[in-house]
Amino acid sequence: MCRLLLAYIPDSDTDRAEVLRKFLELAEVGKVPSGTSAGHHDGWGIATYARGTLLRYVRSKESAATSSARDKEFFLVATHKPDVILAHVRKMSVG
């Protein structure tokens, strides 16, 4: 089970890192099927685009809630101000 964010942000004043922080709260407390632990701790990824060109693509098997790479990526998103952000958090499931 995964959660996916696709954001189109043409406004350069939008705090993109804050958009991602709010989305990645799902890594800690995201809704999951009954009987399973809360959150999506089994990986995350992000791809960013500006004017149709891929800027960055990163994925990790760590939880986004504790990933050492996450803060660097958020900084780069805030700095580069992409107009498209695709982010993903993952919870392993069967079926």
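Observations on the model:
- Subset of the stretch 20-58 [farther than 14 Å from Ala87 by Cβ, open to solvent by 10 Å² or more (accessible area, probe 1.4 Å), over 13 Å from the mean Cα position of the chain (by Cα) and in contact (Cβ under 8 Å) with a residue 24 or more places away in the chain]: Val32, Pro33, Thr36, Ala50, Arg51
- Residue tally, condition at pLDDT below 85 and open to solvent by less than 90 Å² (accessible area, probe 1.4 Å), over the stretch 59-69: 4
- A search for C-beta distances below 7 Å between a residue of the stretch 62-78 that is under 19 Å from Leu26 (Cβ atoms) and any residue that is open to solvent by 10 Å² or more (accessible area, probe 1.4 Å) and part of a loop (DSSP other than H, G, I, E, B), counting only pairs 6+ apart in sequence or on different chains, returns Ser63/His41; Ala65/His41.
- Residues of the stretch 6-19 satisfying the condition of being assigned to a helix (DSSP H, G or I) and in contact (Cβ under 8 Å) with a residue 40 or more places away in the chain: Arg16, Ala17, Val19
- Test: residue in the stretch 5-17 that is loosely packed, with under 11 Cβ neighbours inside 10 Å and aliphatic (A, V, I, L, M): yes
- Considering the stretch 72-95, and only residues there that are closer than 19 Å to Leu6 by Cα and charged (D, E, K, R), the residue that is surrounded by the fewest Cβ atoms within 10 Å (Cβ to Cβ) turns out to be Lys81.
The values are calculated or read from the model by the stated rules, or taken from the named source; none is laboratory data. These numbers were taken from a predicted model, which means no experiment stands behind them. A quick note on method: Cβ atoms are made from the backbone with ideal geometry, for glycine too, and the neighbour counts reach across all protein chains shown. Accessible surface areas use protein heavy atoms only, side chains included; no ligands, DNA or RNA. Shrake-Rupley method; radii C 1.70, N 1.55, O 1.52, S 1.80 Å.
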